[in-house]
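This report concerns only the one structure given below.
The values are calculated or read from the model by the stated rules, or taken from the named source; none is laboratory data. Remember, it's a predicted structure, so these values are computed and weren't measured experimentally. Virtual Cβ from ideal backbone geometry, glycine too; neighbours counted across all protein chains shown.
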Amino acid sequence: MELNQHSCCSQHGRWCICTEALLALNDLRQKTLLCDAVLRLEDGGVFPVHRVILSACSTYFRYLFTTFDTKEQNEILLQGISSYIMTQILDYVYLRKIHIHCDNVCQLLVTADYLCVLSVLELCCEFLKHKLGFENCIGIMLFARCYFCTDLENHARRFILRHFVQVSQQSEELLELPAEELQAIIGSEDLNVKNEKVVWECILRWINHDPDNRKSHFVDLFMNVRIGLLETRFFHEKMEEVDPFGPRGYHGTAVIGFNIYVLGGFNDVEYLNSCRCFNAVTKTWSEVAPMNSCRSYFCVAVLGEVVYAIGGHNGFHRFKTAERYDYNTNQWSLIAPMSTERSDASATELNGKIYVVGGFNGWNYMNSAEVYGPETNQWTLISPMLSQRTGVACTALHGCVYAIGGFNGISRVCSGEKYNPATNTWTQIPEMYEPRSNFAIEVMDDMIFAIGGFGNVDATYCVECYDEITNTWYEATHMNIYRSALSACIVKDLPNARDYVYKHRERLLEDLRQNKLAMEIHGDLEYEALGDNINFDFDF
């Protein structure tokens, strides 16, 4: 694009004079007459100029030629500018003529921005607006932002949103976008797409360009897909493709250091063997080696720094097999199988051994229990529990194994019992307030917490804790949402634990009181009031 601007007026900050005057001034420059400064470039270019002419077109030169340090200097060294580009700039300053094309527009814009020749900057922006296409619009938007060309940036952004279908499919620049940049585009209310699968496929295309480093961004990006507008069949098919990122239940969790491992489970479409790792310090997800078998309704225990996955179901068969994961080698290896198939059992570690209790073998709700010794790689049956339990929760506290809740073949139960390895006997403990199965269990502050699960009618968000000293269950702070088929874990000595703590602790008890009062008024819940002296601390 060759541009001529010859006029006798001043518009939009552009300094314009008549053609005859411009030609005369340029002739003086060519003959080095009345020139009072010389511009020297690093590539050897030398350009005699008139200070007043450059000062009229550029605030950069105006400041340069009028400050105390340089106003007496005849020669000025300009760094980072080529002779070719300087020639173009000076031709515009003296003749209002400039030849802008695809090969020089970026250099011209950068130089015009550096030298504050705003007219050339505007002309370059106009040229780029006319050259916008599906393949270059993202690059132009980012380039404009870098040099604060707001009008060009907004113009390019509108082009991207208006032609997103073609841009998402054809642009190679899109594949290099940072995650937050892509999220801003697909999350815009002005995004022009008739079918949300375009957005879905764009996300997958971006992730698959660098899957190892980008899979952790899937959840944040996926939140910008309007799921309700996707066809059900398409949604399920694509969920299978991105399995590790999707929801899952009847899974297992394990902690080693500050890493939380989420293992297997069921995503409402298929049974999974995939495993993911969340670092609670960096708050990033990564994919680790999958298990040898797809497992749901299985139990998990950690012995030393080795994770064990035991039993479970794959949609066709129940397992008595077990395997262990070594995070140092990122490998799963099979260990000796249990004595019988078990799904919906539970496991815990105590004194260097793994105990597995209850479950379902396909025809019986089980009360049997067995223990695994890693030194001998053998399972040994121990005394059966007092009750049949599937969907049971198991944990260890003060030298005993506790088996709590579950389903006995007729109903969910509140009962619990504990096993003493020294005497190989089970004894009853007090019942929970609520019956539940498929709930999470953890020990914190020397108390056993029973979290969520499925009651006799529906999933629950209720939490209660057992104090061995008083041999009593207490109500604890409830979760925010109802959850069944969940899993929980404890991360010790987390340096950024405050990031995960309730943000308004001073209002916690009052919020609970108001919530219960509201539920009482509407007749939705009957509860037993706790004494004022009970206070639960949920710090890590």
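Of the residues Val219, Val225, only one is at pLDDT 70 or above, surrounded by 15 or more Cβ atoms within 10 Å (Cβ to Cβ) and not assigned by TED's automatic domain parsing to the domain that holds Leu263; which? Quick ask: steps written out before the conclusion?
Values: Val219 fails: surrounded by 15 or more Cβ atoms within 10 Å (Cβ to Cβ).
None of the other options fit; the residue is Val225.
Filtered by the rule that a residue be in a helix (DSSP H, G or I) and at pLDDT 65 or above, the stretch 236-257 gives a lone residue, Asp243. Taking residues in the stretch 475-486 that are in contact (Cβ under 8 Å) with a residue 60 or more places away in the chain and farther than 22 Å from Asp268 by Cα, and partners anywhere that are in a strand (DSSP E or B) and not aromatic (Phe, Trp, Tyr), the pairs with Cβ atoms closer than 8 Å and at least 6 places apart or on different chains are Ala476/Val463; Ala476/Glu464; Ala476/Cys465; Thr477/Val463.
Conditions tested, residue by residue: (1) of a type outside the set (Gly, Ala, Ser); (2) in contact (Cβ under 8 Å) with a residue 12 or more places away in the chain; (3) farther than 30 Å from Phe65 by Cα; (4) part of a loop (DSSP other than H, G, I, E, B).
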residue	(1), (2), (3), (4)
Asp103	yes, no, yes, yes
Cys106	yes, yes, no, no
Lys129	yes, yes, yes, no
Arg157	yes, yes, yes, no
Ser168	no, yes, yes, no
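The residues in the stretch 434-451 that are under 14 Å from Ala488 (Cβ atoms) and among the small types (Gly, Ala, Ser) can be counted, and the count is 2. For the stretch 108-127, the set of residues classified as touching a residue at least 60 places away in the same chain (Cβ under 8 Å) and farther than 28 Å from Leu175 by Cβ consists of Val117, Leu118, Ser119, Glu122, Leu123, listed by residue number.
Residue by residue, here is whether (1) touching a residue at least 24 places away in the same chain (Cβ under 8 Å); (2) closer than 24 Å to Ala422 by Cβ; (3) buried (at least 20 other Cβ atoms within 10 Å of the Cβ) holds:
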site	(1), (2), (3)
Gln331	yes, no, no
Leu334	yes, no, no
Pro337	yes, no, no
Glu341	yes, no, yes
Ser346	yes, yes, yes
Val357	yes, yes, yes
Gly362	yes, no, no
Gly373	no, yes, no
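Specify the residue that is nearest to Tyr433 (Cα to Cα); the eligible residues are those in the stretch 452-475 that are under 32 Å from the mean Cα position of the chain (by Cα) and charged (D, E, K, R). Of everything passing the filter in the stretch 452-475, Glu464 is nearest to Tyr433 (Cα to Cα). Within the stretch 61-90, if we keep just the residues that are surrounded by 17 or more Cβ atoms within 10 Å (Cβ to Cβ) and not aliphatic (A, V, I, L, M), the residue that is farthest from Val110 (Cα to Cα) turns out to be Phe65.
Only one of Ser286, Ser296 is assigned by TED's automatic domain parsing to the domain that holds Ser368, surrounded by fewer than 18 Cβ atoms within 10 Å (Cβ to Cβ) and out of contact with any Pro (no Cβ under 9 Å at 6 or more places or on another chain). Can you tell me which?
Details: Ser296 fails: surrounded by fewer than 18 Cβ atoms within 10 Å (Cβ to Cβ).
Criteria check complete, one pass: Ser286.
Would you confirm, using the coordinates I've provided, whether Arg29 is within 15 Å of Leu115 (Cβ to Cβ), of a type in the set (D, E, K, R) and either modelled with pLDDT under 90 or out of contact with any Leu (no Cβ under 6 Å at 6 or more places or on another chain) (or both)? When the stated conditions are applied, Arg29 does not pass them.
Scanning the stretch 308-320 for residues that are more than 22 Å from Arg276 (Cβ to Cβ) and in contact with a strand residue (DSSP E or B) (Cβ under 8 Å, 6 or more places away or on another chain) yields a single hit, Arg318.
Of these, His504, His478, which one is within 24 Å of Glu417 (Cα to Cα) and modelled with pLDDT under 90?
Values: His504 fails: within 24 Å of Glu417 (Cα to Cα).
Checking each option against the conditions leaves just His478.
Scanning the stretch 54-86 for residues that are without any contact (Cβ under 8 Å) to a residue 40 or more places away in the chain and part of a helix (DSSP H, G or I) turns up Leu54, Ser55, Arg62, Tyr63, Leu64, Phe65, Thr66, Tyr84, Ile85.
Table: residues versus (1) in contact with a helix residue (DSSP H, G or I) (Cβ under 7 Å, 6 or more places away or on another chain); (2) within 25 Å of Phe218 (Cβ to Cβ); (3) among the aliphatic types (A, V, I, L, M).
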{"site": "Cys102", "(1), (2), (3)": "no, no, no"}
{"site": "Leu121", "(1), (2), (3)": "yes, no, yes"}
{"site": "Glu126", "(1), (2), (3)": "no, no, no"}
{"site": "Ile140", "(1), (2), (3)": "yes, no, yes"}
{"site": "Phe148", "(1), (2), (3)": "no, no, no"}
{"site": "Lys194", "(1), (2), (3)": "no, yes, no"}
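A search for C-beta distances below 7 Å between a residue of the stretch 184-207 that is within 17 Å of Glu231 (Cα to Cα) and any residue that is part of a loop (DSSP other than H, G, I, E, B) and of a type in the set (D, E, K, R), counting only pairs 6+ apart in sequence or on different chains, returns Glu196/Arg226.
Do we have any residue at all in the stretch 100-122 that's among the small types (Gly, Ala, Ser) and buried (at least 17 other Cβ atoms within 10 Å of the Cβ)?
Quick first cut of the stretch 100-122, residues among the small types (Gly, Ala, Ser) only: 112, 119.
Now narrow it down to the ones that are buried (at least 17 other Cβ atoms within 10 Å of the Cβ): 112, 119.
Looking for residues that are among the small types (Gly, Ala, Ser) and buried (at least 17 other Cβ atoms within 10 Å of the Cβ), one finds at least one in the stretch 100-122, hence yes.
Residues satisfying the criterion are present in the stretch 189-200 (criterion: closer than 25 Å to Lys131 by Cα, loosely packed, with under 15 Cβ neighbours inside 10 Å and not assigned by TED's automatic domain parsing to the domain that holds Trp285). Residues of the stretch 44-59 that are surrounded by fewer than 16 Cβ atoms within 10 Å (Cβ to Cβ) and either closer than 20 Å to Asp113 by Cβ or of a type in the set (Lys, Arg) (or both): Ala56, Thr59.
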